[in-house]
Amino acid sequence: MAGYRDHALDGAAAVDLVVALYDGIIRFLYAAIAAVEHGDVEARRAAVKRALDIIIHLQARLRMDIGGRPAQALSEFYAATFALILQASQSASTTKFQRAIDCVRNVRDAWREVARDPAANADSNQAFAMRHAAAEPANRATGSNWTA
């Protein structure tokens, strides 16, 4: 299955790869929830590490010099989500993991919208990040003042 998935992404556009990374975060957070429900601390830590590794990768690839305010908004979203996932792991809270999933899914869905019709969204890249990257649930959990 992994070989098929790798091959399927070979010719993918950059935005499709971003969507795949968000899907990975969501998949690992669901694995963390399952680990919490089974009382498996090691599996929870492993799943959380994988999700956080993806977030770190996404944040490290942001180009603030080119992306401007949308890149800053995404950076703040990643930081808030990272903190929420750490809190969820520390407290073994399925509720907080689910909140993180909801936030990531919200932004992933916005990226999917861009992937479906990149030409229609080319003029609204800045509006995209500002409009769709809202992580309001993460803000409450982390105390972040990030808004979109």
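The values are calculated or read from the model by the stated rules, or taken from the named source; none is laboratory data. These numbers come from a predicted model, not from an experiment. Ideal geometry is used to build each Cβ from the backbone, glycine not excepted, and the neighbour counts take in all protein chains shown.
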Seminar exercise, completed: Output for Cβ contacts, cut-off 8 Å, separation at least six or different chains, first residue over 16 Å from Val18 (Cα atoms) and touching a residue at least 24 places away in the same chain (Cβ under 8 Å) in region 57-73, second part of a helix (DSSP H, G or I) and β-branched (Val, Ile, Thr), reads none
Seminar exercise, completed: Across (1) at pLDDT below 90; (2) under 22 Å from Ala14 (Cα atoms); (3) touching a Lys or Arg at 6+ places or on another chain (Cβ under 7 Å), Ala71 clears everything bar (1)
Seminar exercise, completed: Of Ile101, Ile56, the only residue that is hydrophobic (A, V, I, L, M, F, W, C) and either surrounded by fewer than 16 Cβ atoms within 10 Å (Cβ to Cβ) or in contact with a His (Cβ under 7 Å, 6 or more places away or on another chain) (or both) is Ile56
